1. Take each of the peptides B:41-49, B:70-78, average the number of other beta-carbon atoms within 10 Å over its residues, and list them starting from the highest.
2. For each pair in A:LYS4/B:LYS61; A:LYS81/B:LYS61; A:LYS4/B:LYS33; A:LYS81/B:LYS6; A:LYS81/B:LYS4, compute the distance between the two Cα atoms and list the pairs where it is over 23 Å.
3. Projecting each Cα onto the charge dipole of chain A (Lys/Arg +1, Asp/Glu -1 at the beta carbon, about the Cα centre), which of A:LEU67, A:TYR3, A:ALA26 comes out farthest on the positive side?
4. Taking other Cβ within 10 Å of each residue's Cβ, how do A:CYS79, B:CYS64 sort, fewest first?
5. So what does log10 I(q)/I(0) come out to for the protein assembly as shown at q = 0.14, 0.16, 0.17 Å⁻¹, using the Debye formula with one equal point on every Cα and no solvent?
6. 7 Å along Cα→Cβ for the label point: how many nanometres lie between B:LYS81 and each equivalent label in the other copies, listed shortest first?
7. So what's the net charge close to B:VAL9: Lys and Arg +1, Asp and Glu -1, counting the other residues with Cβ under 15 Å from its Cβ?
8. Any chance you could give the angle, 0 to 90 degrees and rounded to 10, that helix A:18-29 forms with the longest Cα principal axis of chain A?
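Computed from the coordinates by the stated procedures, all read-outs in this text should not be read as laboratory data. All values derive from a computational prediction rather than experimental measurement. Cβ coordinates were reconstructed from backbone atoms using ideal geometry, including for glycine residues, and neighbour counts include every protein chain displayed.
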There are 2 protein chains.
Amino acid sequence: MLYKVKVIVMPRKGILDPQGQAVARALYTMDYKGINSIRIGKHLEMEIEGENQQVVEETVKEMCEKLLANTVIEDYRFCIKEA
Amino acid sequence: MLYKVKVIVMPRKGILDPQGQAVARALYTMDYKGINSIRIGKHLEMEIEGENQQVVEETVKEMCEKLLANTVIEDYRFCIKEA
């Protein structure tokens with residue numbers, strides 16, 4: 001079975017997000033004044049072959065822990081659906 | 001009114017995604033074999049003050065066109081909800 005997986009990796013709460021700060025500052029200088037906070041992370045879209053949803057879920061979790069997210073400074077979440 | 005906005009910026013279909021390719025190759029060498037395609041983009045979460053949802057929608061669209069996405073090679077989509 002083919003599954004579509006979306007993974008979102010974001011900087012943890014309380015951890016500095018320099019990319020977000022840079023964009024916030026840029027927007028401020030471009031006269032967008034009402035912005036309270038910006039945080040920027042990664043959005044991954046992939047297609048995975050797997051036996052069933054549970055197997056894919058475990059695989060994706062493992063991939064996140066090992067490669068996709070740095071869990072010291074980043075949180076991840078994902079959703080899986082059949083393609 | 002305060003609004004929570006999520007913006008997703010992804011490389012356009014047909015445009016090379018070197019970051020995605022690198023991750024796909026890394027996962028392959030780590031023995032995750034069932035992965036058909038990966039594309040990697042940005043995920044932005046922000047809080048914006050605005051009069052109403054329509055105003056915020058126009059502001060966010062403008063910000064995407066001007067700064068957040070490079071529309072030559074990237075697509076963007078966003079969703080807005082009241083905080």
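1. Those peptides, ordered most packed to least, come out B:41-49, B:70-78.
2. Those over the limit are A:LYS4/B:LYS61; A:LYS81/B:LYS61; A:LYS81/B:LYS4.
3. Positive-most Cα among the choices belongs to A:ALA26.
4. Numbers: A:CYS79 11, B:CYS64 19.
Ordered by Cβ neighbours within 10 Å, fewest first: A:CYS79, B:CYS64.
5. -0.78, -0.97, -1.06
6. 1.5
7. +4
8. 40
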